[in-house]
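Just below is one structure, and these are the notes that go with it.
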Number of protein chains: 2
Amino acid sequence: MIDRIAALDQYVGLHVQESMQELARLCNQPSISSQGLGMRECATLVADLLRSRGIAAQVMGTGGYPVVFGEYGTGERTLLLYNHYDVQPPEPLDQWDSPPFAALQRDGKLFARGAEDDKGELISRLAAFDAVRAVYGDLPYRIKFLIEGEEEIGSPSLNDFIRTHKDRLSADACVWEGAITDDEGRFHMELGARGMVDVELRVRTMRDDVHSGLYSYLPNAAWRLIWALGTLKDQQERILIPGFYDDVRPPTTRQRELLAALSSQEEEEKTQHEITRFAGDLSGQALKEAVLLPTCTINGLWSGYQGEGSKAIVPASAGCKIDFRLVPEQDPQEVVRQLRAHLDAQGFQDIELLAHPGTRAGVVDPDDPFVQLALQAARAVYGKEPVVSPISGGSGPYDIVLEHLNLPILDVGVAHPGCLIHAPNEHIRIDNWLLGTRHMALIFARFSQVLTDV
Amino acid sequence: MIDRIAALDQYVGLHVQESMQELARLCNQPSISSQGLGMRECATLVADLLRSRGIAAQVMGTGGYPVVFGEYGTGERTLLLYNHYDVQPPEPLDQWDSPPFAALQRDGKLFARGAEDDKGELISRLAAFDAVRAVYGDLPYRIKFLIEGEEEIGSPSLNDFIRTHKDRLSADACVWEGAITDDEGRFHMELGARGMVDVELRVRTMRDDVHSGLYSYLPNAAWRLIWALGTLKDQQERILIPGFYDDVRPPTTRQRELLAALSSQEEEEKTQHEITRFAGDLSGQALKEAVLLPTCTINGLWSGYQGEGSKAIVPASAGCKIDFRLVPEQDPQEVVRQLRAHLDAQGFQDIELLAHPGTRAGVVDPDDPFVQLALQAARAVYGKEPVVSPISGGSGPYDIVLEHLNLPILDVGVAHPGCLIHAPNEHIRIDNWLLGTRHMALIFARFSQVLTDV
């Protein structure tokens with residue numbers, strides 16, 4: 001067994017440049033779901049990457065962007081891998097040191113939009129798959145790849161897709177995207193993810209922008225939006241929408257203990273992000289427990305003139321994008337209803353509300369044997385005790401997979417603090433990517449083992 | 001005298017297409033002071049337009065963009081004409097039906113950025129000058145043209161320029177830019193202008209934008225700006241900055257009477273601007289008196305992601321542009337100090353405040369004989385009783401001219417309601433432009449007369 005683990009490690013290491021070239025090829029194909037850019041081309045490329053290693057791959061239609069589905073191997077048991085080929089928009093472009101869709105290796109890193117989230121993780125799994133096949137030959141179980149194209153826009157088609165193809169997707173366990181290794185080299189496992197719902201608020205107060213001196217008595221859309229937003233959240237980060245916290249449960253004792261066991265990263269984060277305080281002035285255990293609270297985050301905001309110098313207008317329109325992160329029991333559409341009712345009650349019937357369907361939060365049992373397998377593999381690969389968190393602050397369609405497929409889910413990934421996912425200069429550290437790939441290879445190798453054990 | 005008035009009218013009418021070609025040439029030269037675009041080229045073009053009709057013109061340096069100064073004629077008395085060759089930025093470009101810097105005649109209108117404000121008025125004065133010279137020959141007084149390039153950015157260099165060239169600019173009366181004819185064909189005269197100061201607020205809460213799920217506990221610049229702005233003005237349009245109203249005087253009886261005599265345009269404006277209410281729900285006399293109150297207007301607002309679809313980030317930076325319109329006695333730099341002190345007192349020391357020097361309000365005596373001359377000329381040209389307002393809602397460097405040159409100022413112009421100055425599809429109605437030009441020609445013709453009378 002030890003020899004085979006060493007052989008896996010060696011295989012991954014010897015082929016790292018081939019993997020980086022494959023990753024560069026995938027990153028150089030834009031696939032911005034929120035802008036509809038390059039989606040079909042990227043799905044085809046992903047299917048080709050699967051087929052090139054003997055995985056039966058198919059680009060399957062959904063109500064939105066296609067899912068790439070892959071199947072390999074035979075056996076009674078099945079391991080399902082979840083990834084997505086869509087990426088966040090690259091804006092603001094002027095803050096990238098190299099073009100977002102021209103992957104660049106520099107200082108042991110690879111820079112590109114999607115380098116980590118989630119193309120870097122997809123290529124890591126394919127590299128782990130190659131290593132396991134080279135060392136073990138065929139494995140006594142099935143592997144299924146579910147690679148969607150709408151994760152960054154809240155997976156609007158995934159629920160229908162999984163429900164429709166429930167039998168084909170059935171599995172015994174699922175490896176999710178998105179795990180991180182911290183600055184001390186410890187693997188982090190998060191036992192679930194918050195839900196999320198995106199909304200956009202828009203207001204138009206009059207037909208056109210007008211001269212701000214001659215028509216200063218006409219209604220200003222920017223002020224109107226600001227007054228409306230001011231009723232949503234106070235400076236202590238308390239969300240003021242009636243009913244919003246009704247379904248929020250206090251942390252369980254187990255969750256509190258898991259969070260308390262996490263080492264504080266406050267000073268490191270203050271340095272890294274160049275901040276003097278956290279939102280709401282949180283610190284200590286309260287800061288750790290913030291992950292178990294829902295949020296109301298403005299992602300973007302606009303009105304009137306934003307160019308150089310000044311422009312003396314009263315703007316006629318204004319808008320903003322907001323995401324709400326949700327905790328278990330919160331229903332995304334109920335949150336949207338509460339927001340609409342709140343705006344109406346505050347006299348903002350004129351503010352238009354556009355909402356996506358959203359996802360619910362989902363959590364996994366820390367004692368599941370599959371979770372324990374991944375933790376053991378992490379101890380072997382990273383050489384340090386993993387850090388276990390009761391939930392991720394991020395979101396994904398966990399709930400859909402949990403509900404329809406009824407299986408344990410865990411995170412494996414190649415992120416590190418400062419990898420800047422969703423931001424300019426997103427990148428992976430190649431050494432860290434290698435560790436994540438070895439971790440995945442070991443999970444592949446041991447998956448049949450744990451199924452026998454339980 | 002009647003024959004000569006008819007001859008003036010005829011001359012202007014016969015040469016209207018030449019004037020429109022001259023205006024198109026001037027509009028097609030961009031001159032956006034806030035963006036530094038085409039400024040010197042436009043100053044040169046304006047000087048050429050003056051010289052081509054025998055006016056001694058000079059492009060004179062300032063601390064900023066140059067002033068075009070022109071002189072013509074001899075005599076003891078002098079009439080000073082104030083215009084500006086700079087224009088507002090054309091954005092948003094996608095809302096123009098034709099390109100902003102390619103003047104287009106259509107349906108008896110001319111469309112271009114600057115078609116009215118203020119290139120249309122400058123060309124109108126030159127056309128009136130041509131007519132008067134053709135009909136009267138030389139006039140027994142001097143005419144001076146002061147054409148600046150920084151009106152749309154608050155005339156930061158004009159104070160120094162006028163102080164430096166006080167003797168050269170000396171005059172007995174000044175014709176300002178910017179009068180409007182209403183939908184019933186009545187000339188509007190405004191006896192002064194509000195002051196103005198532009199500020200920009202900027203906040204950066206951390207180094208980079210971050211993932212809104214994983215880092216939802218990092219400080220959000222958009223929220224921070226919204227909370228700060230929420231402390232500046234309430235939904236009743238009351239400005240909450242301590243001390244802001246200290247220097248604001250209630251309207252005088254004369255001002256109240258002038259405003260009361262103005263016919264209500266409420267229903268027309270509601271239709272034109274597609275609104276159901278005015279800012280602060282004002283109506284009647286209170287709406288009319290709003291012009292005698294200072295304002296705090298957001299001109300533009302930005303943070304984070306503004307593109308298509310969603311982007312799950314906590315934005316690191318946010319900003320906005322605000323203009324304050326000021327009434328007599330208010331000092332622009334005192335307002336800036338009050339704003340800074342207020343932000344500090346509210347805990348927003350981290351919000352950066354950038355301010356321009358600003359201008360003070362200026363008012364003119366309604367009983368000045370020069371004002372009366374212009375009103376008589378308006379009765380003759382427009383055939384209706386002019387509308388007299390105690391102050392304009394807009395701003396200009398009135399105060400500088402009043403302080404240094406000590407002369408009466410009045411407005412003459414070619415605007416009409418809906419001419420969309422500062423907005424997409426700015427235009428003049430050519431029939432209205434002709435009336436404004438005839439009005440100016442008659443003022444030229446009668447100026448020596450009124451000086452003899454007084």
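The values are calculated or read from the model by the stated rules, or taken from the named source; none is laboratory data. The model shown is predicted, which means the values in this text are computed figures rather than measured ones. With ideal geometry, Cβ positions are generated from the backbone for all residues, glycine too; neighbour counts draw on all protein chains shown.
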Go through the stretch A:406-418 and give me each residue that's assigned to a loop (DSSP other than H, G, I, E, B) and either surrounded by 24 or more Cβ atoms within 10 Å (Cβ to Cβ) or in contact with a Ser or Thr (Cβ under 7 Å, 6 or more places away or on another chain) (or both).
A:412, A:413, A:414, A:416
Filtered residue count, the stretch A:310-333, keeping only those that are among the acidic types (Asp, Glu) and either more than 7 Å from chain B (Cβ to nearest Cβ) or surrounded by fewer than 24 Cβ atoms within 10 Å (Cβ to Cβ) (or both)
2
Selection over the stretch A:341-361 where residues are small (Gly, Ala, Ser), within 12 Å of residue A:195 (Cα to Cα) and modelled with pLDDT of 90 or more yields a count of 1
Boolean, residue B:350 is out of contact with any Pro (no Cβ under 7 Å at 6 or more places or on another chain), of a type in the set (Asp, Glu) and within 30 Å of residue A:309 (Cβ to Cβ):
yes
For the condition closer than 18 Å to residue B:171 by Cβ and of a type in the set (A, V, I, L, M), what is the one hit in B:405, B:420, B:435?
B:405
Considering the stretch A:13-26, residues that are within 12 Å of residue A:430 (Cα to Cα) and of a type in the set (A, V, I, L, M), and then whichever is surrounded by the most Cβ atoms within 10 Å (Cβ to Cβ), we arrive at A:23
Using the structure shown, decide if residue B:270 is basic (Lys, Arg) and touching a strand residue (DSSP E or B) at 6+ places or on another chain (Cβ under 9 Å).
no
Members of the stretch A:347-357 that are within 11 Å of chain B (Cβ to nearest Cβ), in contact (Cβ under 8 Å) with a residue 60 or more places away in the chain and in a loop (DSSP other than H, G, I, E, B):
A:348, A:350, A:356
Over the stretch A:336-375, the set of residues of a type outside the set (D, E, K, R) and closer than 14 Å to residue A:173 by Cβ is A:364, A:369, A:370, A:371, A:372, A:373, A:374, A:375
Going through the stretch B:216-250 one residue at a time, which ones are more than 7 Å from every other protein chain (Cβ to nearest Cβ), in contact (Cβ under 8 Å) with a residue 60 or more places away in the chain and out of contact with any Lys or Arg (no Cβ under 7 Å at 6 or more places or on another chain)?
B:224, B:225, B:228, B:231, B:232, B:241, B:242, B:243, B:244, B:247, B:248, B:249
Return the residues of the stretch B:154-166 that are more than 14 Å from every other protein chain (Cβ to nearest Cβ) and not β-branched (Val, Ile, Thr); say none if nothing qualifies.
B:157, B:158, B:159, B:160, B:161, B:163, B:165, B:166
Looking at the stretch B:293-304, which of its residues are in a loop (DSSP other than H, G, I, E, B) and within 7 Å of chain A (Cβ to nearest Cβ)?
B:295
Hey, could you check the stretch A:277-292 for residues that are part of a loop (DSSP other than H, G, I, E, B) and at the interface with another protein chain (Cβ under 9 Å from one of its Cβ atoms) and say which is nearest to the chain's Cα centre (by Cα)?
A:278
What is the number of the single condition among (1) within 14 Å of chain A (Cβ to nearest Cβ); (2) in contact with a Lys or Arg (Cβ under 6 Å, 6 or more places away or on another chain) that residue B:141 does not meet?
(1)
Of the residues B:104, B:169, B:93, only one is more than 14 Å from chain A (Cβ to nearest Cβ), farther than 28 Å from residue B:357 by Cβ and of a type outside the set (Ser, Thr, Tyr); which?
B:104
Could you please find all residues in the stretch B:356-390 being crowded, with 19+ Cβ neighbours inside 10 Å and closer than 23 Å to residue A:314 by Cβ?
B:356, B:358, B:359, B:360, B:361, B:362, B:387, B:389, B:390
Name every residue in the stretch B:55-96 that is within 30 Å of residue B:140 (Cβ to Cβ) and free of Cβ contacts under 8 Å to residues at least 24 places away in the same chain, in order of residue number.
B:56, B:58, B:59
Every listed condition ((1) touching a residue at least 12 places away in the same chain (Cβ under 8 Å); (2) not assigned by TED's automatic domain parsing to the domain that holds residue A:319) holds for residue A:137 save (1)
Quick count over the stretch B:188-204, residues being more than 8 Å from every other protein chain (Cβ to nearest Cβ) and of a type in the set (Lys, Arg), is 2
If you check B:393, B:307, which single one turns out to be surrounded by fewer than 24 Cβ atoms within 10 Å (Cβ to Cβ), assigned to a loop (DSSP other than H, G, I, E, B), within 11 Å of chain A (Cβ to nearest Cβ) and not β-branched (Val, Ile, Thr)?
B:307
Got a sec? Which of B:57, B:131, B:47 is buried (at least 16 other Cβ atoms within 10 Å of the Cβ), out of contact with any helix residue (DSSP H, G or I) (no Cβ under 9 Å at 6 or more places or on another chain) and more than 27 Å from residue B:326 (Cα to Cα)?
B:47
